[in-house]
Amino acid sequence: MNKNLKNFTFIALAAIMIASCSKTKETPVNPDPQTQKSDKVIAYIESLGFPASAIVDNGDHYVVEEDIIFSKNMVIPAGQPKTEQFYTGSLVNATNKRNIRVKVDPSMTSMNAEVTSAVNQWNGIAASTVRFSIVTTGTYDILIKDENLGNGVCGQGTFPSGGAAGNLIKINKAYIAANSFAQRQRTITHELGHNISLRHTNWSSIGEGTATPVPGVGGTDAASLMNGGQCNSGATVLSAKDIQATVALYP
Ligand SMILES: [Zn+2]
């Protein structure tokens, strides 16, 4: 056998061995852990009263009612969510609520004034213990960043989990750029409300199945900044009931 033929034989044998190896490694496909995890997230979303039809799969996260994000990797809050102003049943814990650090991504610094105004609205509720601070470096709890969310959606927020505030807010910056300052800061104030557990006050009229009332704060509220589906048309300051609900959840 000349050297070339020897090499060829070796390579051919090796190829057969590799082929047979990979064949024996064909085992039944296990359920993908990521899929199982996202199934649990769907079950959690449905347990909050959102119908399956309202849940949109968006890659690494789900979106509900256009502006609420559920990461497929989220920590599912323990226990059953208690099912007017409305909330998720999962709150920012007693330690975290006193200083929720908001980091403005470089993509959003052109709206620093709007973010500041939004933070001031929540911090202005004297009887509540929720306080936001804006940080520029180091650890943060919520990142606010720009993302193209298409037409009709001003922004998206995230509910709390594991005692932490929802960790992400996306703002459709180019889309809201032509809105008034008051409406731009409304979008951010509204999403911050989701990140501390508030739901859409008008949940019923926009098709949710059930929602958990904030104790002692029921009914509809046309003046609520937490009404959904009101991009560039909703209330720009927290209503009396928005404030009551925040105090009830975070006394
Ligand atoms: Zn919303």
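The table for this structure:
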| read-out | value |
| --- | --- |
| Label-to-label distance, nm, for residues given as Ser204 and Gln36 (7 Å Cα→Cβ offset) | 4.0 |
| Restraint check, Lys97/Lys241; Lys40/Lys170; Lys40/Lys173, Cα-Cα greater than 27 Å | Lys40/Lys173 |
| Diffusion constant of region 85-249 at 37 °C, which comes from Stokes-Einstein with the Kirkwood Cα-pair radius and 0.692 mPa s, µm²/s | 210 |
| Accessible area per residue, Å², region 33-81 with all protein chains present, probe 1.4 Å | 51 |
| Fraction in percent of alpha-carbon pairs per bin - 10 Å, region 33-81 | 27, 62, 11 |
| Average accessible surface area per residue within region 88-161, 1.4 Å rolling probe, Å² | 43 |
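The values are calculated or read from the model by the stated rules, or taken from the named source; none is laboratory data. Quick caveat: nothing in here was measured; it's all calculated off a predicted structure. All Cβ positions, glycine included, derive from the backbone under ideal geometry; neighbour counts span all protein chains shown. In case anyone asks, the SASA skips ligands and DNA or RNA and just uses the protein heavy atoms, side chains included. Shrake-Rupley method; radii C 1.70, N 1.55, O 1.52, S 1.80 Å.
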